[in-house]
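Note sheet for the following structure.
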Amino acid sequence: MKRVVFLLTVLMLAGATSGYAQNTLKIGHVNMDSIAFLMPEVDSMMAAIDARRAIHQRTLRIEEEDFQRMYNTFTNNMEGMPASWVEQKQDELIRKQQAIENLRRIDFPQELQDIQDKYLQIMYDKIMGVVNSLAKELKYTYVLNSGEGMSGVLYAAPSEDLTGKVIERLGLDPNKPPRNMMR
């Protein structure tokens, strides 16, 4: 009889611990940056940035050479010219110089950032697809990012979402359209 009670106790404990194990959190992490740097898209991104940088430098060099030609023509021909011609050429030189300055500092950095952002988004979307798939397949509750880039939770099991319960407890209408809180 003691043996039967002992066996039943062991079976009940085994059942209880396996039930407990099924409800425990399983948390993993990935380093998004480390993964991204290994992807072939990094080479494509760098090639696109380098190509755009080369085009920009060539364009800038052409504009600077054009400015120098305009300046040389102006200085060589300004003597004896009417004041209206001199003023017109000075204005052209000023506009050309301003265009070169804008080309140097305003437009170009944003273009490079846009190229980088486009490729990073493609890479992170690919990584996130695999993270979500693995998390579901391996039954992770949460997957966190341990890298420097995107931070926080990359995957959260839908069963752990308390948003609806918080809305309910606060007595809020879940069907109310969201408002823009930034004005």
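Tabulated data for the structure shown
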{"quantity": "Simple label model, 7 Å out from Cα along Cβ direction - I100 to R169, nm", "calculated": "6.6 nm"}
{"quantity": "DSSP-loop GluC sites (Glu not before Pro) across segment 144-175, with at most 14 other Cβ within 10 angstrom", "calculated": "E148"}
{"quantity": "Rounded FRET efficiency, nearest 0.05, which uses the C-beta distance separating R53 from D91 and R0 of 30 Å", "calculated": "0.45"}
{"quantity": "Using a Förster distance of 25 Å, the FRET efficiency for Q116-E64 (Cβ separation, nearest 0.05)", "calculated": "0.45"}
{"quantity": "Magnitude of the charge dipole, segment 25-170, Cβ model with Lys/Arg +1 and Asp/Glu -1, debye to 20", "calculated": "460 debye"}
{"quantity": "Rounded Å value of the spacing that divides the Cα centres of segment 26-60 and segment 95-174", "calculated": "16 Å"}
{"quantity": "Kirkwood Rh, angstrom, segment 49-170 [1 / mean 1/r, Cα pairs]", "calculated": "20.1 Å"}
{"quantity": "Among T59, I106, Y140 the positive-end extreme of the charge dipole of segment 25-170 (Cβ point charges)", "calculated": "Y140"}
{"quantity": "Segment 65-146: GluC sites (Glu not before Pro) in DSSP loop, at most 12 other beta carbons within 10 Å", "calculated": "E79"}
{"quantity": "Set of lysines near K176 by C-alpha distance (under 30 Å), chain-local residues within fewer than 8 positions excluded", "calculated": "K165"}
{"quantity": "Total charge dipole magnitude, segment 111-159, about the Cα centre, Cβ charges on Lys, Arg, Asp, Glu only, Debye to nearest 20", "calculated": "340 debye"}
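Where a number appears in this text, it was derived from the coordinates with a stated rule and is not lab data. Predicted model, so just to flag it, every value in this text is computed and none were measured. We place every Cβ from the backbone using ideal geometry, glycine too, and count neighbours over all the protein chains shown.
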